[in-house]
Structures are given as structure tokens and as C-alpha cells.
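Below is one structure, written out as C-alpha cells; the observations come after it.
The values are calculated or read from the model by the stated rules, or taken from the named source; none is laboratory data. Only a predicted model underlies this, so the values are computations on that prediction, with no experimental measurement involved. Cβ: placed from backbone, ideal geometry, glycine included. Neighbour counts: every protein chain shown. Side chains included, ligands, DNA and RNA excluded: accessible areas come from the protein's heavy atoms. Shrake-Rupley method; radii C 1.70, N 1.55, O 1.52, S 1.80 Å.
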Amino acid sequence: MEDQTSTPNGTKVAGQFSALEKSIADKKTVDDRKDVLQHAVRGSSKSGLDSSIIKQMSLSVIALFDHPRQPSDGIPPTRAPNRTPFVRIIDKTSGGRQPAAQDIFQGLLCRSGNRTAHSEGCSSLVFSFATLVSLSLSRPQGGSPSKLFSETSPSFDLSPLYGINDEQCAKIRMRDGSGMLAPDCFCEDRLAFLPPQVTAMLIVWNRNHNYIARRLLEANEKEFTPLEAFAKSSDGTSDLSSMEQQDDKIFKIARSINCFHFKNAVIEDFCKGLLGLPSTGPGPKLDLDGSKGICDTKSVRPHHPSYEFSQLYSWSSLMSDADETWVNDALRTQFKEPLDKITDITPEQLELIFSKEKPTDQQLSTCGTLKRGPDGRFADDDLAKILLDATDALAGPTHARSTPPCFKVFDEMMINEARRHKVCSLNQFRSFLGLKPFKEFREWNSDAKVCEAARRLYGNIDELELYPGLQAEECTSGGFGFGYTKTYALLMDLITAIRNDPRFMDKLDAGNLTKWGLEDSYLPDSDNGAYGAMLPKVLLRNLSRNYTYDNIYGLFPFIAPITSKADLIHLQDFYTFDRPQPIKIRTVDNIKNIGDIFNDPEQYLSPYGRDLKILTSGYGYMLGFDNEKLHDNDQIMTLYSIMPHTRSLVHYGKYYSEVARELIENNSTDVAGHRPGTKAIDIVRDVINPTCVRFVTEAICGLPMSTSDSAAADKNNFTDFAALYSYVFRKADPPEAWAVRTSAFNAAKKLTEHIERQLQLVLHDVEEGYLKYFMRLITEYFKGVAVGSPTARSFLDRLAQTSQTAGRFRDVVELDEYQDRIVLEGMRRNGHLKKSQNNDVTVNVSGLPMISPSKVHQACIEAVELFNQQKESRKIDGLKSAKIVQDGRERLERLRLTANVLGLSVVAAVNYAQACSQAVDFYLDDKRKTERDEIIRLATSNDPLAKDSIMGYIREAMRLGQPLGLFRIVKQRENITSGSNEVVFANLTKAHSNPHDFNEPEKILTDRKVPSLLGMGLHKCPATPFMDKTMPDLFKTIFRLENLRRAPGRTGKLTTFNTHPSPRDTDPRVFIDSSGELTSYPRSLLLHYDKSDKPISDDKLWKTPDPVYSLGKKILDAIVGAFILLVLLWLVYSMTSSVKVPGHGGPILIPANSCKMPKTVFQRWSINAFVPGLNGQPSPIRYTLDHKKPHLLSLVDIDARDMQMAVLVDGVIQGLTTEFELDKSDDCGEDYNACISRNFSAGMVVIPSGKHSVQIVWHGKEFIPGTTEIDWQGDYSRRLMWQLEYCS
């Protein structure tokens, strides 16, 4: 990074801070009206500053503001438990004129006329948080000035939540070994005249403590005892001592972390506003407490609350209209008389009122009119409504004459108490701060009316008292906009409180806080959508059903949405602006009803569509398509490409087993302290995950593997795919979801670029013609491609070929959602769009390029408009416009292929690995020893049916041990203008345990048929055969390990965690690893096994064929190569001379002599497949062709002899292929000549010239007796081969 000391910006900012620091050091006063501090801080928020500059700036600010309060006489006061004496730091009094407090309030403070909004658009939630800050720092008690003390220390110890001593705190603790507080309660009792939003904010911090305690208990770094173990034993006793010790331990750690979070919110969120920076932009990169590792921590010094600084903490002008109304009502209710009759309230009277309002049971703290639920908690929706209302409401202005009239009694009390304690004047206070004293009133406030009112009251600026002087002073620009003196003094008080609190200045230690707790105590990463703010993390974590990771209400709660939306409108593709609404969830938990919903994609939409489009440059993936035709076309193309024939699954299974065996051998380690021969293996991190990702990289997308460090390559590749999976399917930790999206975007960009390069090579070769294509096969043969090994090249070849035939995208590109994309891509390719338009589809947030679907769409619209304009002005003639459309289709076709490769890779790498990992963990439980023993027996046997039985066990593990629930979004009805925000939750876990649908659902039955196990309807997982034929091989390799068992402790099992303390079935359970981190997929499972002399795999069953390129086989290679060359030359001749197929005198649907010779092959013999549609019947194969010549379609059944086909042209049936005798034992493979000669069903039909739609329909004989339901005996498809030729 460039040294910023040499740049103008770095030099200027550093100089501004240095000048301030030097002024203070030289005992010179600072003219704060020149805004030097604000300008310097704004400069420090810019990116690109070197760490040395940031350190210099931080030290300058610390020198300015870190000044612990000491008594003016130098004699430290005597402290007592829960008694921190107030000290006088300025041994002067304002003296002179003391106008009546009510005159001061009316002349300088009280609002008159209509209320105006905060100049910077702050929300009234600032008032709530600021109130918690002041309640934490001070709790005055005692009557006379000489005896005034605070019951709390001047620190951010969250005393409003935890109380002022252990006795108070004990009243709100659960004391059950969990370290948690009773739900939604607190100790603070000074809330009688504060709006409910303050209470709601305090409850959020209660929840944050409990969230931390639950994470500590689940991560179990300290080896805590599970709570159920503390249940009473049979003799009625329980280990209360151990339970209390554990409870104290967890409670203390959770409290410390919670206080760190509160401190972080003060220093990052609140101080940001004091420094004049907007919430919707970067904060100062200053390290004021050493938490960023730039500045060192320090030894703390004694720090006392002071009379003078206590005058700062009045925030009443920030209240919204609703808050003011609430306070008015509270005062009238409490005093039983109109507001103008309420006068002369004293602190003692307030204390009496507070004591009356205090609940007898502290665990039943109230929050406005909210009611607690059966679990003792307030409803999330109710709490969120209070906080969202506060964010929606604009705060009041902070200038003079802006205090709500209802606060008259409180402000007058503050003025009178200041006089009683002989507090200094405003100018005396400024001198203490090092600020330039005012010489006249207009320097204090340039408003002529305010100046004149102050002059009438005080006569001389030096007589102006501290409290009214602070509240009515001219305001700073930006941020919260308090008065200049108040802003400067608040920064000093807050920074001093933090830097002189031992809990924050002592070096953080994982031994005390745990590794996860230590990590969680630091400030959030700047890549959290809120520029590193802390409060969004607390809100997202504890009200996860009501706040989302990309919504401005949670990310910028201190700014009213009307303001933040205007600030962020240029980033509208990355933020959502509408107020979060409670989601109406309808749960369905029986197979029939779930099937009805999932078979109606037009009404119940996939929730994954938007995110999948974002990751694939606007195209999407079939799991997010609700258009049946588009979905089916892509599914057919992908299925054939990954599973071209049943034998390919055998090769895949062998691949999985061999890779897993190699990884086990390479990654197993000896276990110290155990008997000799004991081995340890992380079966998830080092075996299952890398096996799955290696298959994807080698067999699907062709990612390069590092020969020097394949383990690192596996890890990096899996991390990329996992980021995509987490972003689309399951964002585990709401506060981390923004960073997950960033990782997903980076991974998508990298993977997409690689896939596009691979496809470019494949498409180039396909365009070379058949001779070069076959010559490449010969080259691969002699270069040593192992027989049966999966290669990405072969997969991508099939994908490219199939995209031109089966499931052709050009048959569906006329859909509205893609019409404009065709024109956009075509105009780009032909140079009709300027470069600036080319770049409009991306924007930049925090330096990260992100794909923007809405900008893609806007660019599409503009391209269509330009296209039409140029056509009308004849700049583009008919021929060129046709070329533009054709080029656009080709580019979109390539985008389609890339998107399908990327989507398939994610599913095959992460979803597959997760299912396998959880199944392994499921059968390692002691209560499933019987089933585990049977799996081990099957894994070590040579029984050909063993794989089917093992797959039965895996399916049952998925049914019983892997919670499954899928959401569908209810389509909004056209006559509804406001969003209904309704979703349906398909609780498949409960449905799969329903006795009505499943016999003895609690039992493990390997022959149980569960068609809904991998979903239902349009988005049912199509790769069931792939899983059925490959996962048992991976399972067998694992369970062949001798005496396989869990490692002791937390690392030896998969642990899940629900982020919500009162979870519903609809709340996702996520994985929590041994370090306490939450993930959407399993990352680690440590197992032990005993070393054995027996091989992990059985040679007869598991041996992978050797490569065919050994030097000892050169002669054989030459003979085989010559034979292959002859065969290939014959095939090329056959295709180019249009040999009549099928056979001599083969079946003809329409007379073949209507297709005149010579014929031209435009689609060579290739494979297509029928797959079941939504209604369970095979979906027809469709294509549309518009050509001036007729063309000949040739068809033949392949694989087993099991089907016949019908051909329809424009909806009119043309006939059937030849009759056949059902015989599944007769398998001709993919040799279409052999299939025809063995009487497989075949035929030809000539389609006339012009535009025609052709359908090929399955017409088989495999039905469940007595029904029309097909019975393909577990197979997912029926395949055919076909060829297309133009007639002369």
C-alpha cells in the first residue's frame, strides 16, 4: 500500500490532528468553531490511509480527550461499595445573575410553534441509545452537595441491565447452569417517564447476553456440563454446587462480552455521530481503545463522576412526536393534573415515583403495554415494532428552543440542582476543556433572537450557566448536531470512561473469554453493510425474524429511512429500503398438502430465484425457476450431461471411493495418549468435503488442482462453493450474512470466469466439426485418459452438445423475462452499445464489484429502445437486426451454460457433502449401534445388493436425522397493492414422521420408499439416481475403518444451534463448530479408528482401471488405435453421406422418400431423455424449427428395450415408432445400429418446410398394474438417440 504520509490527503489529515494536539500541549485554547476536529475526522474516514497515519491520528485524539476526572482540590474522595462520589473538577461557580429556572426554560430551551425535524435526518432511536449511555454512567443518590454519589461506576458496565450490585443482579438471573438472565427483564427502575423504545432497547441487550451465554454453552470450549445433566437424580438430589459454579462462570464471561458489545456500540456508532459523520458512510478509522491493534492499551487511572459533566446528558430534544405524546400521558397519569400545573419536581420526588413503579418481581419487568407470552418473553414482532417505529420517526432538532414543553419540569430541576451544587459557568467549563471562551453571546449562538433572550436573562456571556449554555448553543454540522461545547465534552467523557475502565484496557485473553468470545468481542468487520457499526449486529442477532442483513432499518437504525434511502439510492441493488414486515408463515406438514403446493409453481414461488440470478449475471438456475418450460429444458440438459448412461454412475461411485480412501490414508494421524495404532481423522474436513469438491472440480467445471498442495486447493475450492451455497440457501448467522454475500460474489466471479474459459474451448472444438472432435478423442486416448475416469471436458462437451438439441434454450428465449437480454447481448457483440453502457451493470461497494440484476434489466430496456430507434432510422437494416438477435441468443446461450455448470457444482459439492456428513454422524450415535454394525457388515461384504441396503440406511438418516423444511413465497394477488409478505413452510421433517403416511415412522427401515425425501414438484432434486449410486461407495469406504468411533469431547460430533432462543419449526438450525463459529454446512467431525492391516477398499469391488498409456503397451496401443481410427472414419463417412437410419427397410412414420437426397446432417446422432414432469408422467421432448427445407427426424430407443415413442407435429400425431417386446434384460447400450438390429422401437418422420413445433412423446408399457402411473423401477429417465437431417 502506498505510504499515505506522502499523499496530500494523508499529510493534510495528519497535520490537522497534530495541530490540535500541539495546541493542547502548549496550553493554548482551541477555537472549536473552525471545525478543525470535524474536518480531520472526516479525512480519517477516507480509505487508503496507512496504518502509521491512523495511529498518529488516534494518538492525537486520545491526547485530546483522555482526561480522567480528578477533584479540584487534588484530594481523592473515599469510595464505598456501590458509592462513587461525585467530584467538583472546577472550583468555581457561575455566581452572578441567576434568573428563574422557568424563565430560562421559556426563553432559551422550550420549543415554541410547530416542531421541526432533525437537520441531519437522525431517527428518534438515537434518543433511546443515548439514554442507555447516560443511565449506565451515572445513578445519582444523596441529598446535599457534599454527599452526592453515584451508585454506579462511570463506566459502560450496562448497570441498567445488570443492576448496581450482585444482590440486584441475582434477582434477574436464571441460576440453572446456563449463565442466562430471565427473559426480557432488567434492573433499571428510572424508566417511568421514558418512552417504551428505551425499555425495548434495554431488552435487546438482555437478549444479547442470553444469546452469548447459549453460544458459550453450545461451543463448550470450557467443557461445560449439559443442562439436562443437572436434572435431579432418582434420589431427589442434584449437584447444586456444580450447577451454580458453572452458571457463575458462563454468566461472567457472557456479561463481559456483552459489555464489550455495548462499549463497541458507543465508540463506533455513537461517537461516529458525535464526530459529525453520517451513519450511511465510513466511520473514523481511529483506534481509541486499542481494540483494532493499532494503538496499545494502557494502564488505567482513577476516574470519578463529576458535577460538571453530568450536565451533558440531556437528550430530550431528540424525542419524536410519538415519544413526546407518550411522556405527556405518563406525566398526566402520574401527577393527576395538567402539564402546566406540574411544577418544582425534586430528585427525591422522582426517586419516590421510581420506587413505586418498580415491579415486585424484577423478572417481570414491563415494556409499555406489551404482554409476555407463555415462554416469559415479549413477542418479537411487538418489540420490533417499537424499535422500527423509533427508526421511522425523525428525531427533533438539537438547537436552542427545541426541548418539548413536557420536559419543562425536568429541565428546571436540572438548572436548580446545578445551582445547589455550585456548578461552574459555560465559559469556565470551556476553559477547562481547552476551548476558547466566548467573548459575547453571538459567538455562542449566531441566532439574533436567542442571543437577545440570553442577554436579557444573564447580561454577560461569562454569567451564562452551564446547563442552558450547553443545550442552547449553536450546533455542529453533520452527525447528531449537538452544540459545539456539548459535542467536545461528550467525546472527552466517553473516551475517558472507556480508556480508564480495566475491563476494556486489560489485554483480551481467550483463556478468560474463550476463543469465540474473544473474536466476538472485537468490533465488527467493516464489510457488514453498516460500515462496521455495532448496533446492527445486536439487532440482527436478537430480532432475526424482523431485521434482515441488507435492510436499512437494521443497518442504519440511527438514521430515519427517508434520509438513509436518499443517501444510499445509488446502492439500491444491495440494500432494501422498505420497512420489514412480520412474515405470515403458514406451515404445512403432510405429504398431500405439500405436494399440492410444490406442484403449483405459478402460485407458490421459489425463494432462491433472486439470489441465483445475482450470482449468474442475471440468468438464474433451475432451482430458482418457476417457469416450468425453462426449468425442464435446463434440467434435461444438465441431467444428460452428468448422467449420460447408467454405467457412468458406476464409474462415479468408484471415483468417490478411491478418492476417499486416498484422503483417509493421507490425513490420518496418530493419537497421543491412546493405545498404539489409534488413528484420528477429521472425516468431514479432510475426507467428505474434499472428496465431493474434487469430483466437482475434476468432473464438472475443471478447476485446476495444485500438484504441490492439493489439500489447500480442495479447501479453497470448497470454501468458494460453500460461500455460494450459504448465500443462496442458508445464511447461518444474520450479522455475518452481508460478508457471506461478499464472499459469494467474489467466488461467483472467480468461478464464472474459469467456467467461461473452459466452455470457450469446448464450444470452439464443437464448431470444428466431427472429424476434429473424433481426432481429439484419439488424442485423449493416447495421452492417457484413464478408462472410466470422470473428466470435466467430457461433461462440458455433452452439455454444449445437448444444449443444441435436448432442452434447447432457443425454444424458450421468447419468454418476456429474456427478450430484452437477447437484444442487449446482441448489440454488445455487434458494437452498437457504448462502453459506458457495458459497464453500467456493475457498481462498487467498499471496493467490491458486485453483479446488479436490476441494472442488467435497465441496461436491457435501454438496449431494446436503442435497437428499435436504430431500426426505425434504418441505421440497422433487416439483415443486421436479424444478426443482432441471433448473436444475442448465442451469448445468452453461453451464459445459460455457465450458470448451469455453476449451479450444479454448488449442489454437487456442498449439498451432497452435507447429506453424507450428517448421515455418518447419525449412525455414530450409541443408540444406533445395531444399525451401525449392519452398515459395517455391508461395507465389508461382496454382496452386490449391499449398496442398495446402505443407501436405504442413508435415506433413513436423511428422513430422521436431517431437519428438512422448504419455503415457498405466496404469489401476490393482482388486486392487492401492498405486499402480503406471506410464505408457506413445508415441514417435511414432521411430514416424514407422520404415521398416516409412514408405517412405524420412528423405525429405520432400509426398504422404505420416501419419494419426497429430496423435495417435491417442480424443484424436486433430479439427481436422486446419482446419489443412490455414488453415496454408498463413499459411505462404505468410511465404515470399513476398523472400530470407527467418535473422538472424545465436542469435536467428535456435529452440533447444531438455533439462533433464536424460542425457536419455531421454521427457524433454521445451523452448525456450530468447536470454536463457536456458526456455519450453514458441517465443517468438522473428528473420529478415531484402529489401524488395520486390511486394505480400506476391496480390489474386486473398488479397483479403478489403470490408465491405458503405459509404455509396455505400445504395440497394443498401435493396433487398438488403428482399429479406432477405422471405426471413426467409417462413422464420419456415415454421417456425412446420410446413411438411412434405422436400417434397411426400417419403420417409417411418414414416407422417407418425401425427404429428397442428398441429405445434410445438422444434428448428429445424440442422446436425449424423458424425465417425469409435475404430474408424474414423462415430459415430452420439444423443439421448434423454422427452415425453408423439410428435415428428417430419426429416433431409436436405447439402453434396455422398454419404450415406444409417438411424434406430433404442431399438435397432430404423426404415428408411433415400431412395436416392441418389453425386455429390460436386453441392453444395447448406445449403439443405435445394434438397438435397431435387436428390434428396439425406432422410426423416422419427415417434417415439412416452414416453422413447425415437434413433440416426441413417451409411449411405454411400464405402468403400475391397474393404474396410469409409470413404474420405472427407481430409474429417473428413459433415453433415446435421435438425428436431424435437412432434405434437399
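Just a few scattered comments:
- Extension gain for the segment Val650 to Ala100, taken as residue separation times 0.36 nm less the Cα-Cα distance, is 188.6 nm to one decimal.
- FRET efficiency, 1/(1 + (r/R0)^6) with R0 56 Å, evaluated for Glu1002 and Ile342 via beta carbons: 0.25
- For the range 497-608, diffusion coefficient by Stokes-Einstein and Kirkwood Rh (Cα), 10 °C, 1.306 mPa s, µm²/s: 89 µm²/s
- Protection proxy ranking of 1245-1256, 475-486, by the mean of other Cβ atoms within 10 Å over each peptide's residues and highest first, is 475-486, 1245-1256.
- Lysine pair count for the range 578-709 with Cα-Cα distance under 27 Å and sequence separation of 8 or more or different chains is 5.
- When Leu240, Leu751 are compared by accessible area of protein heavy atoms, the largest-first order is Leu240, Leu751, using a 1.4 Å probe.
- The distance between label points at Ser1237 and Lys592 comes to 5.4 nm (points 7 Å beyond Cα on the Cα→Cβ vector).
- Amide H contacts under 5 Å for Gly290, placed H, 5+ residues apart: Cys295
- Share of carbon and sulfur in the accessible area of the range 312-431 stands at 54%, probe radius 1.4 Å.
- Once the Cα-Cα distance is subtracted from the 0.36 nm per residue extended length, the Lys875 to Ser1092 segment shows a gain of 70.4 nm.
- Per-residue SASA entry for Asp997, accessible area with 1.4 Å probe, Å² rounded to 10: 70 Å²
- Sorted on the mean count of surrounding Cβ atoms within 10 Å across their residues, most packed first, peptides 112-124, 887-899, 583-595, 955-967 read 887-899, 955-967, 112-124, 583-595.
- Restricting attention to the range 158-286, the count of lysine pairs at 8 or more positions apart or across chains with alpha carbons under 20 Å apart stands at 8.
- For the range 191-285, the Cα gyration tensor yields ellipsoid semi-axes of 38, 17, 9 Å (square root of five times each eigenvalue, largest first, whole Å).
- Taken about its Cα centre, the range 340-466 carries a charge dipole of about 420 debye when Lys and Arg each add +1 at the Cβ and Asp and Glu each add -1 at the Cβ.
- Across the range 897-908, computed HN-Hα scalar couplings (Karplus, 6.51 cos²θ - 1.76 cosθ + 1.60, θ = phi - 60°) run 4, 4, 4, 5, 5, 5, x, 5, 4, 5, 5, 5 Hz from first to last residue, x flagging Gly and Pro.
- Net charge over other residues, Cβ less than 9 angstrom from the Cβ of Leu924 (K, R count +1; D, E count -1): +2
- Residues of the range 646-699: accessible area per residue with a 1.4 Å probe, Å²: 38 Å²
- Ranking Met1157, Met243 from most to least accessible surface, computed with a 1.4 Å probe over the protein chains only, gives Met1157, Met243.
- Accessible surface comparison of Trp326, Trp516, probe 1.4 Å, protein chains only, largest first: the order is Trp326, Trp516.
- P(r) tail fraction, the range 578-717 - alpha-carbon pairs more than 24 Å apart, %: 58 percent
- Computed over the range 256-353, the ratio Rg/Rh where both radii use C-alpha atoms and Rh is Kirkwood: 1.10
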